[in-house]
1. Starting from the Cα-Cα distance between V66 and F92, subtract it from 0.36 nm times their residue separation and give me the gain in nm to one decimal.
2. Using a Förster distance of 30 Å, how high is the FRET efficiency between W43 and K13, based on the Cβ-Cβ distance and rounded to 0.05?
3. Apply the Karplus parameterisation 6.51 cos²θ - 1.76 cosθ + 1.60, with θ equal to phi minus 60°, to every residue of region 63-71 and state each ³J(HN,Hα) to the nearest whole Hz, in sequence, with x for glycine and proline.
4. Please compute the length gained on full extension between K56 and E160, using 0.36 nm multiplied by the number of residues separating them and subtracting their Cα-Cα distance.
5. If contacts are Cα pairs under 8 angstrom and at least 6 residues apart, what is the relative contact order of the chain in percent?
6. In terms of modelled amide H atoms, which long-range or inter-chain residues lie less than 5 Å from the amide H of T132?
7. As an exercise, identify the GluC sites (Glu not before Pro) in region 11-102 lying in DSSP coil whose Cβ has no more than 10 other Cβ atoms within 10 Å.
8. Which of rounded, prolate, oblate describes region 15-182, given a ≥ b ≥ c as roots of the alpha-carbon gyration tensor eigenvalues and a/c under 1.5 marking rounded, otherwise prolate only if a/b is larger than b/c?
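No value in this document is a laboratory result; all are computed from the given coordinates. This one's a predicted model, so the numbers in the text were calculated from it and none came from an experiment. Reconstructed Cβ throughout: ideal geometry from the backbone, glycine too, with neighbour counts over all protein chains shown.
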Amino acid sequence: MDEKIFNKGYKYKPVKTKRLLLIKPDIKYKEELYKLYEDKNLWIYNGSGDNKNSRKIVEKQILRKVDAWKKRKGASFFITYENKLIGSIDIFTIIKDFKRCDLGFMLHSSYWNKGFMSEAIKAYIHFLFKNTCIKRIAAEVCTKNIGSIKVLEKSKFKKEGLLKKSAIYNGKVYDNYLYALLK
Ligand SMILES: CC(C)(COP(=O)(O)OP(=O)(O)OC[C@H]1O[C@@H](n2cnc3c(N)ncnc32)[C@H](O)[C@@H]1OP(=O)(O)O)[C@@H](O)C(=O)NCCC(=O)NCCS
């Protein structure tokens with residue numbers, strides 16, 4: 001099955017915004033990513049059950065993303081600011097036949113509330129709709145994750161529903177909202 005999501009002729013180049021540079025994941029950033037993940041604030045309403053990110057897990061995660069880029073079936077970016085890795089933005093559960101995917105994003109908490117993620121998402125969405133087959137981007141967000149809800153709403157995502165008891169963050173069960181943006 002052809003899993004490539006990029007349009008014909010697409011050639012990688014970093015995505016530039018006013019203040020940020022979104023770059024392809026590379027194993028050389030593994031220590032920086034590991035450090036980023038040490039920020040406990042990232043995992044309050046985000047991530048999987050335990051969020052134990054050992055160096056091995058982080059390395060594997062990067063290699064998976066690098067491989068997805070190589071096969072043109074993934075389009076994750078690291079978010080850098082002044083040459084420092086400060087976050088990531090990603091699509092996952094990509095279903096090429098339905099032209100849809102889910103969106104994930106995170107930013108080190110020392111950079112929160114400065115408009116950085118809104119800036120990154122705007123550029124990323126433009127990039128996805130221009131260069132890939134994706135026509136629907138969904139995001140599940142904890143009903144308590146106000147910063148993330150605000151970012152999605154500022155980025156024109158529409159709330160489509162409530163997913164009751166659909167997530168566990170730090171061992172507690174939460175409701176998520178389902179948001180989505182159509183091309
Ligand atoms: C969600 C996240 C990416 C937001 O990044 P950010 O760069 O701070 O986002 P922005 O600055 O672009 O926008 C955040 C908005 O939420 C507002 N906000 C944040 N926390 C808030 C709160 N507790 N109450 C009210 N408003 C809040 C900010 O004031 C800002 O709104 P404004 O632009 O109108 O001032 C960041 O908080 C993060 O990485 N969180 C941890 C990981 C995560 O939850 N990822 C999303 C999973 S769905």
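1. Answer, rounded to one decimal: 8.0 nm.
2. Rounded to the nearest 0.05, the efficiency is 0.40.
3. 4, 5, 5, 4, 5, 4, 4, 4, 7
4. 33.8 nm
5. On the way: 307 pairs, mean separation 42.0, N = 183.
Contact order relative to length: 23 percent.
6. Those lying under 5 Å, H to H, from T132 are N7.
7. Numbers: sites: E31, E32, E38, E59, E82; in loops: E38, E82.
Those that pass, being in a loop and sparsely packed, are E38, E82.
8. Details: a/c = 1.29, a/b = 1.08, b/c = 1.20.
Rounded.
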